[in-house]
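Each remark here refers to the structure printed beneath this line.
The values are calculated or read from the model by the stated rules, or taken from the named source; none is laboratory data. Keep in mind that what you see is a predicted model, and the values were worked out from it rather than measured. We place every Cβ from the backbone using ideal geometry, glycine too, and count neighbours over all the protein chains shown. Calculation scope for accessible area: heavy atoms of the full protein, side chains included, ligands and nucleic acids excluded. Shrake-Rupley method; radii C 1.70, N 1.55, O 1.52, S 1.80 Å.
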Amino acid sequence: MTRSPQGRTSRLTRPSIAVAAAVAVTAGVVAAAPDAKTAEPSPKLSLIAATTSVTLDSWKEDPGVYLDLGTYLTSENGAFELKVTRKSYKDPVLATQVLRNGKKTTTKALPAGLVKDFSGLPDFAQISVTDAAGKTVLKQTEAFCPNNASGRVRPDAPANSKYPQSCPVNPFTLGSVWGVENGWASNTYAGYYAKPVQLAAGTYTAKISVTKKYRDLFGIPNKPQSVKVTVRERSWEAEEGSGSAARSAAPRSSQSSQSAKSADGHQGHQGHGGHEGHQQAVDAPAAASAHAAHGAPARPEAPAARTTGATPTFNVGHGPYPPAPPALPWALKKESLQRQAFSAAKVGDRPGQTDGSRQAPAAEPKAKRPTGKATVPDVPKPDLRSLPAYGITVSDGYEDVPGKDYLAFSANVWNAGPAKLVVDGFRSPGKELMDAYQYFYDAKGKQVGYTPTGTMEWDPRPGHEHWHFTDFASYRLLKADKKESVRSGKEAFCLANTDAVDYTVKNANWHPDNTDLSTACGQENSISVREVLDVGSGDTYTQDLPGQSFDITGLPNGTYYIQVLANPENRLKETNYKNNSALRKVVLGGKKGARTVNVPAHHLVDAN
């Protein structure tokens, strides 16, 4: 958790671990070509229930029930696809339906104001719950992310879904693609975005339907689904005493006391979880374990609410704590989900998690240094851009550095394409630094050139412990006149595709491989590493990491700007060097030891 000036705690809403799951009727989720031969212009959507009854848990130490009812939206006669974009942060978010008929593609603009952000279709599902006596005890609506945990509903459906595995939650997302593949079903449960409801132990009947505006808009039949719900109360204390069950389940509220000490002395506290994930069956947890630190405590809480099935793969960000639990098939029992969460938090190399000894295929380093003359060919190159800072907080130095004040923040640099950024590091025997090279590729993906681009260095600090590419980005605190006042000590980064920033740009990869540091950033004894930032994705460093702050102890109150600057020395070759800087206005106040920060909205984005 992050500590506010008043000593309160608040959870960062970071882009979760999206985990692709196998529902009862499911297969895996990886990229695939559109099903052009069977796609039709008007997909037929239906609401179905995977089961007629579910058992949900309410933990005595943290009462509340998550209404994971096992209802799905199916798409037949073609895929259900939405393109969601905004021109800039001054413009509203707009949604368009994409209709495919063979090679012909048409679009249908959806009503203005239908969506407010990129987290899904708001007020999509209507849920009412009645008790055993027939009394209505709950009535609410929930948003729906079409990229939620999903699976096939018939054997002749495409083997893989082409759509991304999450609806991004980064407040500065620019574009997203949502979809339910032809012959697939996507869970309607709001997951990460849902709040627990208060239901006493007992039996209930839940009625789930699609709200009228979406039935009319997409031609969905009005066929509500009924599910019997059994709520059982459980207690961590009781199960801890019983021995066996205690090791496989725990309440969401249990907290890890672990914290990471930053290089400048203050402590960053647990405060975010992933929003990314690759859906797997219960016995194979999420492969994208986001940047977990070595030596995690035996019984930590995953630092965020469960995800939508949309991910911890994205929006996890570089952080020193174990990732949030993966978005599993929501029809599964809750104790299975919790068992996954706590096993994922442990260090080790096993199915669904790597400690760095295994690597994703796209993250494999080159075995040898490049040969031949270095050249920068005339081929597509990446376009690095910065997002405005967010997750901005102030804190004192705690007991470690009394009398100090810090301004912490989260920052993201992303790749607008049209080519991915590929950087390899090579280590001369006995040397502490690696020599770094940027690679270039033609339209067919063939490597056609490379150039030296600085160095990589080993970062031994808790929360890092991997190889950083130097001079990838720079953080600066500017005065009101936009002249530099303080520069962050952080200048080096390990590249990973933590956030889906804009999947509507040309050549965007909806299924990047290296979405967590364990697959990309090597170990202390590595001889070489490969770091990749794919098109459409960004790399977030969260505010609880060492070096992710400014020392503001001696600064007067007033207006400042946090500058996130990509490629500050222009060492990386890219298509445009003029869009590398992003500014976020902040106003410092308070007094020494109790500083405050006010973060005005950035145009239409009101997120600190």
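Between residues in the stretch 179-197 that are farther than 18 Å from residue 82 by Cα and residues that are of a type in the set (Phe, Trp, Tyr) and crowded, with 24+ Cβ neighbours inside 10 Å, which pairs lie under 9 Å by C-beta distance while being six or more apart or on different chains?
If the second residue must be of a type in the set (Phe, Trp, Tyr) and crowded, with 24+ Cβ neighbours inside 10 Å, the pairs left are 189/144; 189/330; 191/330.
Working only within the stretch 353-388, note down all residues that are hydrophobic (A, V, I, L, M, F, W, C), at pLDDT 75 or above and in a loop (DSSP other than H, G, I, E, B).
Filtering the stretch 353-388 for residues hydrophobic (A, V, I, L, M, F, W, C) gives 360, 362-363, 367, 374, 376, 379, 384, 387.
Then drop every residue that is not at pLDDT 75 or above, which leaves 374, 376, 379, 384, 387.
Correct list: 374, 376, 379, 387.
For a quick check of your reading of the model, give me the residue pairs whose first member lies in the stretch 565-590 and is under 20 Å from residue 548 (Cβ atoms), whose second is open to solvent by 70 Å² or more (accessible area, probe 1.4 Å) and of a type in the set (Lys, Arg), with beta-carbon atoms closer than 8 Å and at least 6 apart or on different chains.
Going by the 8 Å Cβ cut-off, the qualifying pairs are 566/385; 580/385; 582/385; 583/482.
Would you mind finding the one in 94, 121 that is modelled with pLDDT of 95 or more, in contact with a Cys (Cβ under 9 Å, 6 or more places away or on another chain) and buried (at least 16 other Cβ atoms within 10 Å of the Cβ)?
Details: 94 fails: in contact with a Cys (Cβ under 9 Å, 6 or more places away or on another chain).
Every option except 121 fails the conditions.
Filtering the stretch 38-50 down to residues that are open to solvent by 40 Å² or more (accessible area, probe 1.4 Å) and farther than 21 Å from residue 177 by Cα, which residue is modelled with the highest pLDDT? Before the answer, list the steps.
The initial filter retains those residues of the stretch 38-50 that are open to solvent by 40 Å² or more (accessible area, probe 1.4 Å), namely 38, 40-42, 44, 46, 48, 50.
The next check asks that each one be farther than 21 Å from residue 177 by Cα; those that pass are 48, 50.
Details: 48: 97, 50: 94.
Per the criteria, the residue is 48.
Residues of the stretch 405-428 being out of contact with any His (no Cβ under 6 Å at 6 or more places or on another chain) and farther than 30 Å from residue 528 by Cβ, which ones?
Filtering the stretch 405-428 down to residues out of contact with any His (no Cβ under 6 Å at 6 or more places or on another chain) leaves 405, 407-428.
If the condition is that a residue be out of contact with any His (no Cβ under 6 Å at 6 or more places or on another chain) and farther than 30 Å from residue 528 by Cβ, then 405, 407, 408, 409 are the ones that fit.
If the requirement is being aliphatic (A, V, I, L, M) and surrounded by fewer than 21 Cβ atoms within 10 Å (Cβ to Cβ), which of these qualifies: 190, 132? Show your work before the answer.
Working: 190 fails: surrounded by fewer than 21 Cβ atoms within 10 Å (Cβ to Cβ).
When all the criteria are applied, what remains is 132.
When the residues of the stretch 389-439 are filtered to those that are among the aromatic types (Phe, Trp, Tyr), farther than 25 Å from residue 571 by Cβ and assigned to a strand (DSSP E or B), which remaining residue is farthest from the chain's Cα centre (by Cα)?
Just the residues of the stretch 389-439 that are among the aromatic types (Phe, Trp, Tyr), to begin with: 390, 398, 406, 409, 414, 426, 437, 439.
Those still in the list that are farther than 25 Å from residue 571 by Cβ too: 390, 398, 406.
Add one more test, that the residue is assigned to a strand (DSSP E or B), and what stays is 390, 406.
Numbers: 390: 15, 406: 26 Å.
Checked the stretch 389-439; the qualifying residue farthest from the chain's Cα centre (by Cα) is 406.
Output the number of the condition that residue 574 fails; it satisfies all remaining conditions of (1) surrounded by fewer than 18 Cβ atoms within 10 Å (Cβ to Cβ); (2) among the charged types (D, E, K, R); (3) within 22 Å of residue 454 (Cα to Cα).
All conditions are met except number (1).
Every residue in the stretch 71-102 that is in contact with a strand residue (DSSP E or B) (Cβ under 6 Å, 6 or more places away or on another chain) and not in a strand (DSSP E or B), please.
77, 79, 89
Among the numbered criteria (1) closer than 22 Å to residue 387 by Cβ; (2) modelled with pLDDT under 90; (3) open to solvent by 10 Å² or more (accessible area, probe 1.4 Å); (4) touching a Pro at 6+ places or on another chain (Cβ under 7 Å), which one does residue 497 miss?
Result: residue 497 passes all but (3).
Within the stretch 71-84, is even one residue over 18 Å from residue 214 (Cβ atoms) and either of a type in the set (Ser, Thr, Tyr) or under 28 Å from the mean Cα position of the chain (by Cα) (or both)?
The answer is no; no qualifying residue exists.
Only one of (1) within 25 Å of residue 173 (Cβ to Cβ); (2) buried (at least 21 other Cβ atoms within 10 Å of the Cβ) fails for residue 552. Which number is that?
(1)
Say we look at the stretch 515-572 and pick out the residues that are more than 30 Å from residue 405 (Cα to Cα), among the charged types (D, E, K, R) and not in a strand (DSSP E or B); which of these is modelled with the lowest pLDDT? Let's see the steps before the verdict.
At the first step, the residues of the stretch 515-572 found to be more than 30 Å from residue 405 (Cα to Cα) are 515-516, 518-537, 570-572.
Now restrict to residues that are among the charged types (D, E, K, R): 516, 524, 530-531, 534, 571.
The next check asks that each one be not in a strand (DSSP E or B); those that pass are 516, 524, 534, 571.
Details: 516: 48, 524: 78, 534: 93, 571: 91.
Top of the filtered list is 516.
Any idea how many residues of the stretch 577-596 are open to solvent by less than 50 Å² (accessible area, probe 1.4 Å), farther than 14 Å from residue 562 by Cα and not in a strand (DSSP E or B)?
Number of matching residues: 2.
Report yes if residue 53 is touching an Asp or Glu at 6+ places or on another chain (Cβ under 9 Å), open to solvent by 10 Å² or more (accessible area, probe 1.4 Å), more than 27 Å from residue 171 (Cα to Cα) and of a type in the set (Ser, Thr, Tyr), otherwise no. Spell out the reasoning first.
Details: touching an Asp or Glu at 6+ places or on another chain (Cβ under 9 Å): no; open to solvent by 10 Å² or more (accessible area, probe 1.4 Å): yes; more than 27 Å from residue 171 (Cα to Cα): yes; of a type in the set (Ser, Thr, Tyr): yes.
So residue 53 does not fit the description; no.
Filter the stretch 215-247 for residues that are in a loop (DSSP other than H, G, I, E, B) and either open to solvent by less than 30 Å² (accessible area, probe 1.4 Å) or of a type in the set (A, V, I, L, M) (or both); which is modelled with the highest pLDDT?
In the first step, residues of the stretch 215-247 are kept if they are in a loop (DSSP other than H, G, I, E, B); the result is 219-224, 235, 243-244.
Subset that is either open to solvent by less than 30 Å² (accessible area, probe 1.4 Å) or of a type in the set (A, V, I, L, M) (or both): 220, 235, 243.
On the way: 220: 97, 235: 88, 243: 54.
Restricting to residues being in a loop (DSSP other than H, G, I, E, B) and either open to solvent by less than 30 Å² (accessible area, probe 1.4 Å) or of a type in the set (A, V, I, L, M) (or both), the top hit is 220.
To keep it simple, each residue is scored yes or no on (1) more than 24 Å from residue 170 (Cβ to Cβ); (2) under 25 Å from the mean Cα position of the chain (by Cα).
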site	(1), (2)
92	no, yes
102	yes, no
107	yes, no
110	no, no
114	no, yes
119	no, yes
123	no, yes
133	yes, no
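Taking only pairs six or more apart or across chains, which ones have beta-carbon atoms under 6 Å, a first residue in the stretch 52-77 that is modelled with pLDDT of 90 or more, and a second residue that is part of a loop (DSSP other than H, G, I, E, B) and of a type in the set (Gly, Ala, Ser)?
54/70; 70/50; 70/331
Residue check: is residue 153 open to solvent by 10 Å² or more (accessible area, probe 1.4 Å) and among the aliphatic types (A, V, I, L, M)? First the steps, then the outcome.
On the way: open to solvent by 10 Å² or more (accessible area, probe 1.4 Å): yes; among the aliphatic types (A, V, I, L, M): yes.
Judged against the criteria, residue 153 is a match.
Mind listing just one residue for me: the one in the stretch 148-172 that is touching a Cys at 6+ places or on another chain (Cβ under 9 Å) and over 23 Å from residue 42 (Cβ atoms) and, of those, modelled with the lowest pLDDT?
To start, the set of residues in the stretch 148-172 that are touching a Cys at 6+ places or on another chain (Cβ under 9 Å) comprises 148, 166-167.
Subsequent filtering for residues that are over 23 Å from residue 42 (Cβ atoms) retains 166-167.
Working: 166: 82, 167: 90.
Out of the qualifying residues, it is 166.
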